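Undergrad: I have a structure here, written as structure tokens, and I will follow up with some questions on it.
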Amino acid sequence: MKRTVWTKQHKDILNVLEEKGRFIAMKEYILQGKEDISRFYFESYRWYAERASKIVDKPEDVHYPIWVSLNKESILGLDPDTVLLEIEIDSDRVVEMDYSKWGYVVNYYYIPENEKDNQRHNELLDKYGIDDSTAYMTSFYPHIKKEIIKSWDSLFDKSRFNSREKVGTIWEIKSQWIKNVTHYKS
């Protein structure tokens, strides 16, 4: 079954697709504008790639995902030097997730199952006088760090999506999948 997804990318992606017929995310593309937080950002990306590759097989030469919007309401506006690609792709090539939970992952927060679980976790943090980031970043609380990381698996649990803003990732874009290209207009 096919589905339509959209991705905002730098306009140079069109040259890559024309020359190679395929685009994959490279570290330097992801780092643009994030150099000062890159170590932390890539730790989240590595975790994500490992988990997502268990949902949708990742080609061997691919290390990072390409973010896509799953519905028109989630499409990001265009900026100068960007294009919006409308892609038709097999549904089984898309990893779906709840975008609101991604913020928890990149900030090293625990994703609670429900309010009772949230209260339990906060009481644990209060007992040690710490927050999630401290538990994650230091080596003093490995049991809490493990709990935080385990909670992130709910990112992919469709029965526990909180947000209407659902996004996804794909591992590559092939030129034959492109159905429409929208260019930035000032």
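Undergrad: Carbon and sulfur atoms: what percent of the 1.4 Å accessible area of the chain do they account for?
TA: 47
Undergrad: Under a 10 Å cutoff between Cα atoms, tell me which one of H63, H143, H121 has the largest fluctuation in the Gaussian network model of the chain.
TA: Residue with maximal mean-square fluctuation among H63, H143, H121: H143.
Undergrad: In percent, how large is the relative contact order of the chain, given Cα pairs closer than 8 Å and 6 or more residues apart?
TA: Over the chain, the number comes to 38 percent.
Undergrad: To continue, here is another question. Which FRET efficiency value, to the nearest 0.05, do you get for K72 and K11 by plugging their Cβ-Cβ distance into 1/(1 + (r/R0)^6) with R0 = 22 Å?
TA: Rounded to the nearest 0.05, the efficiency is 0.55.
Undergrad: Identify which of S69, S133, S44 has the largest mean-square fluctuation in a Gaussian network model of the chain, with springs joining Cα atoms closer than 10 Å.
TA: S133
Undergrad: Let me ask you something else. Report the full-extension gain for the segment N122 to R22: residue separation times 0.36 nm, less the Cα-Cα distance, to one decimal in nm.
TA: Answer, rounded to one decimal: 31.5 nm.
Undergrad: Considering amide H positions built from the backbone, and no H for Pro or chain starts, which residues 5 or more places from T82, or on another chain, come under 5 Å of its amide H?
TA: K11, Y184
Undergrad: Please give, to one decimal in nm, the separation of the simple spin-label points placed at K146 and S133, each 7 Å out from Cα toward the Cβ.
TA: Between K146 and S133, the simple spin-label model gives 2.6 nm.
Undergrad: Please work out how much length the chain gains when fully extended from K54 to Y184, using 0.36 nm per residue of separation minus the C-alpha to C-alpha distance, in nm with one decimal.
TA: Result: 43.3 nm gained on full extension.
Undergrad: Can you tell me which of I24, I144, I89 moves the most in a GNM of the chain? Springs connect C-alpha atoms under 10 Å apart.
TA: Judging by the Gaussian network model, the answer is I144.
Undergrad: Right, next: Mind checking the per residue accessible area of the chain for me, 1.4 Å probe, whole number of Å²?
TA: With all protein chains present, the chain gives 59 Å² per residue.
Undergrad: Can I ask one more? Which percent of the Cα-Cα distances in the range 117-186 go past 16 Å?
TA: Result: 67 percent of Cα pairs exceed 16 Å.
Undergrad: Relative to a virtual label point 7 Å from the Cα of R46 in the Cα→beta-carbon direction, which members of the range 127-157 show backbone nitrogen distances below 17 Å?
TA: Answer for this model: 136-139, 145-146, 149-150.
Undergrad: Quick check for me: using +1 on Lys/Arg Cβ and -1 on Asp/Glu Cβ, what's the dipole size of the chain about its Cα centre, in debye to the nearest 20?
TA: My answer is approximately 300 debye.
The values are calculated or read from the model by the stated rules, or taken from the named source; none is laboratory data. Note that the structure is a prediction, hence the values are computed from the model and not measured. Virtual Cβ from ideal backbone geometry, glycine too; neighbours counted across all protein chains shown. Side chains are part of the model used for accessible areas, which takes the heavy atoms of the whole protein and leaves out ligands, DNA and RNA. Shrake-Rupley method; radii C 1.70, N 1.55, O 1.52, S 1.80 Å.
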